[in-house]
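Working notes, beginning with the structure itself.
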Amino acid sequence: MIEGTTLVLLIVTLFAGFYSAWSIGANDVANVVGTAVGSRALTLFQAVIIAAIFEFAGAFFLGGNVSETVEGGIVNPDIFSDDVLDYVYGMLSALLAAGVWLQIASYFGWPVSTTHAIVGAVVGFGLVEGGVEAIYWGRIGSIALSWILSPLLGGAIAYMIFSFMRRKIFFKIQPVEAAKRVTPYLVFFVFTVLSLIIFFGGLSGLLVDFTIFETIGTALLIGLISAIISFFLVRRIATTSDPKFSQNLQVAVELRKVQKHLGRLEASAMGELQDKAHTLLDEVSKLSADVEGEEVRMAHSEYQPVEKIFVYLQIITACFMALAHGSNDVANAIGPMAAIVNVLRGVPIIDAGTVPVWLLLLGGAGIVIGLATWGWRVIETVGKKITQLTPSRGFAASFGAATTVILATKLGLPVSTTHVIVGAILGVGLARGIGAINLITIRDIFISWVVTLPAGAVLAVLFFYALRTIFS
């Protein structure tokens, strides 16, 4: 290979890798901090600072454990055996195509899967170079399956978590006391699950001597220590419950029971008795509406100490998820870039996945800058346009997504982090009824998911031919 051409390709590769990392920061990181911003647990500036620190730490310190390039399992590597330059053009086109599509999606505020974008791009140049037979279609089928599995699993688990919190905390007569009892258990599960995400993700390469039982045991120990600390911390929260609020809450519960029984009576009675039952039901319904209206007005001050607890839990969840996200998703930009750099240095394609430290630094910086400059667009969609979030709802969505990711990882289910978090937010909204969901936003998001694979493929084909023409 001509030395001048190699240098130009290297410069273009570094630009493409940084651009792809920038696009990942602008779009994908919203999955980590979007709920925290939408619930006002963090301001946008605070979220950017926290995500920048933990995303960069995950990418730089833990991202190097990812040695496989992204084309593994998607395209047959034998198609590049005759001309390594086509491999370089192909991976370059994949980086550029993924970056462009993610930037387009970010502009419109669509949270799309970074992995799906770059997989679609790899499929695009793979079809051009090797034909239909060169693509491992089973992997593509699993990605299509993730469009269904990811939001369903994330939504179901977040729905159950939020429903549990409502029953055990928010529907209790003394919600602050209930929160004090429940919080240590929530903290235990939060730290256990988040530790497992880190262990099975970025730290997996550093824990090769750990058995599965030792890894789970370590996570459980971290969860237990955290729960004990939280037990003593939440006891210091002052309980300033308004007796009138507790009374109204109890009255509202009893009135709902009366409505239920009167409804049955009206359905089974006949004649004059049915008319009287109907009249009573109307009166009780009006009284219940009045009581619940006053209850809602008082609830804000009553639930403030409870929501404050979930502010801290949501921030902790965001930090862990950012660390895990940086350690795993940096490979979407750095994996292909590292492979191209190594091939240009004469390393065989089969061994081209090793990631140099300086590339991790470049990728981490790109993610942080992308988040800081354009991340607000997708954060606004995830945090505010799907459903109204409070710290407790945001925590349920974030923790539901984290739980889904770790379960899917160990069960071998194909899920997308982006799709999981959107599904989790949707599940929290559905717990309050279909009216709490912005269906137009959900429609637009789903369409963007379906378009991501073919959009990445088409853009990659265009870039592939352009690069081949320019450097041939």
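The values are calculated or read from the model by the stated rules, or taken from the named source; none is laboratory data. Computed from a predicted model, the values in this text were never measured in an experiment. Every residue, glycine as well, gets a Cβ built from its backbone with ideal geometry; the counts of neighbours run over all protein chains shown.
A search for C-beta distances below 7 Å between a residue of segment 78-107 that is without any contact (Cβ under 8 Å) to a residue 60 or more places away in the chain and any residue that is crowded, with 18+ Cβ neighbours inside 10 Å and of a type in the set (Asp, Glu), counting only pairs 6+ apart in sequence or on different chains, returns ILE79/GLU129. Within segment 417-435, is even one residue under 23 Å from GLN314 (Cβ atoms) and of a type in the set (Lys, Arg)? Looking through segment 417-435, at least one residue is under 23 Å from GLN314 (Cβ atoms) and of a type in the set (Lys, Arg).
So that you can scan it fast, the table gives a plain yes or no per residue for (1) surrounded by 24 or more Cβ atoms within 10 Å (Cβ to Cβ); (2) at pLDDT 80 or above; (3) on the phi < 0 side of the Ramachandran plot; (4) not β-branched (Val, Ile, Thr):
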{"residue": "SER301", "(1), (2), (3), (4)": "no, no, yes, yes"}
{"residue": "ALA324", "(1), (2), (3), (4)": "yes, no, yes, yes"}
{"residue": "ALA333", "(1), (2), (3), (4)": "yes, no, yes, yes"}
{"residue": "ILE349", "(1), (2), (3), (4)": "no, no, yes, no"}
{"residue": "GLY353", "(1), (2), (3), (4)": "no, no, yes, yes"}
{"residue": "VAL357", "(1), (2), (3), (4)": "no, no, yes, no"}
{"residue": "GLY375", "(1), (2), (3), (4)": "yes, yes, yes, yes"}
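Scanning segment 414-472 for residues that are farther than 30 Å from PHE395 by Cβ and outside any helix (DSSP H, G or I) turns up just one, SER472.
Considering only residues in segment 60-114 that are part of a helix (DSSP H, G or I), at pLDDT below 75 and among the aliphatic types (A, V, I, L, M), the one that is surrounded by the most Cβ atoms within 10 Å (Cβ to Cβ) turns out to be LEU62.
Of all the residues in segment 438-461, those that are among the aliphatic types (A, V, I, L, M) and without any contact (Cβ under 8 Å) to a residue 24 or more places away in the chain number 4. Screening VAL451 with (1) under 12 Å from the mean Cα position of the chain (by Cα); (2) modelled with pLDDT of 90 or more; (3) closer than 17 Å to SER150 by Cβ gives one miss only, at (1). Per this entry, PHE18 is counted among residues that are modelled with pLDDT of 85 or more, outside any loop (DSSP other than H, G, I, E, B), farther than 20 Å from THR418 by Cβ and not β-branched (Val, Ile, Thr).
Which residues, taken from segment 137-189, are closer than 30 Å to PHE446 by Cα and hydroxyl-bearing (Ser, Thr, Tyr)?
So in segment 137-189, the residues closer than 30 Å to PHE446 by Cα come out as 137-166.
Residues satisfying the conditions are SER142, SER146, SER150, TYR159, SER163.
Each row is one residue, and each column tells you yes or no for (1) over 30 Å from PHE191 (Cα atoms); (2) part of a helix (DSSP H, G or I); (3) under 26 Å from the mean Cα position of the chain (by Cα); (4) modelled with pLDDT of 80 or more.
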residue	(1), (2), (3), (4)
LYS276	yes, yes, no, yes
THR279	yes, yes, no, yes
ALA289	yes, yes, no, no
GLU292	yes, yes, no, no
ILE316	no, yes, yes, yes
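Report yes if some residue within segment 42-54 is modelled with pLDDT of 75 or more, touching a helix residue (DSSP H, G or I) at 6+ places or on another chain (Cβ under 8 Å) and within 28 Å of GLY131 (Cα to Cα); otherwise report no. No, segment 42-54 contains no residue that is modelled with pLDDT of 75 or more, touching a helix residue (DSSP H, G or I) at 6+ places or on another chain (Cβ under 8 Å) and within 28 Å of GLY131 (Cα to Cα).
Residues in segment 41-54 that are surrounded by 24 or more Cβ atoms within 10 Å (Cβ to Cβ) and either without any contact (Cβ under 8 Å) to a residue 60 or more places away in the chain or part of a loop (DSSP other than H, G, I, E, B) (or both): ALA41, LEU42.
Would you pick out the residues in segment 389-413 that are part of a loop (DSSP other than H, G, I, E, B) and touching a residue at least 60 places away in the same chain (Cβ under 8 Å)? Answer for segment 389-413, where residues must be part of a loop (DSSP other than H, G, I, E, B) and touching a residue at least 60 places away in the same chain (Cβ under 8 Å): LEU389, THR390, LEU413.
For SER163, the conditions (1) part of a helix (DSSP H, G or I); (2) farther than 22 Å from ILE406 by Cβ all hold with the exception of (2).
Listed by first and then second residue, the pairs with beta-carbon distance under 8 Å, at least 6 apart or on different chains, first residue in segment 124-150 and basic (Lys, Arg), second surrounded by 16 or more Cβ atoms within 10 Å (Cβ to Cβ), are ARG139/ILE74; ARG139/VAL119.
Would segment 27-40 turn up any residue that is over 21 Å from ALA333 (Cβ atoms), at pLDDT 85 or above, part of a helix (DSSP H, G or I) and β-branched (Val, Ile, Thr)? Show your work before the answer.
Restricting attention to segment 27-40, the residues satisfying the condition of being over 21 Å from ALA333 (Cβ atoms) are 35-40.
Next, only the ones that are at pLDDT 85 or above stay: 35-40.
Among the residues that remain, those that are also part of a helix (DSSP H, G or I) are: 35-38.
Pick out the ones that are also β-branched (Val, Ile, Thr) and you get 35, 37.
Yes - at least one qualifying residue is present in segment 27-40.
Kindly indicate whether any position in segment 119-127 is assigned to a helix (DSSP H, G or I), β-branched (Val, Ile, Thr) and over 22 Å from SER472 (Cα atoms). Yes, some residue in segment 119-127 is assigned to a helix (DSSP H, G or I), β-branched (Val, Ile, Thr) and over 22 Å from SER472 (Cα atoms).
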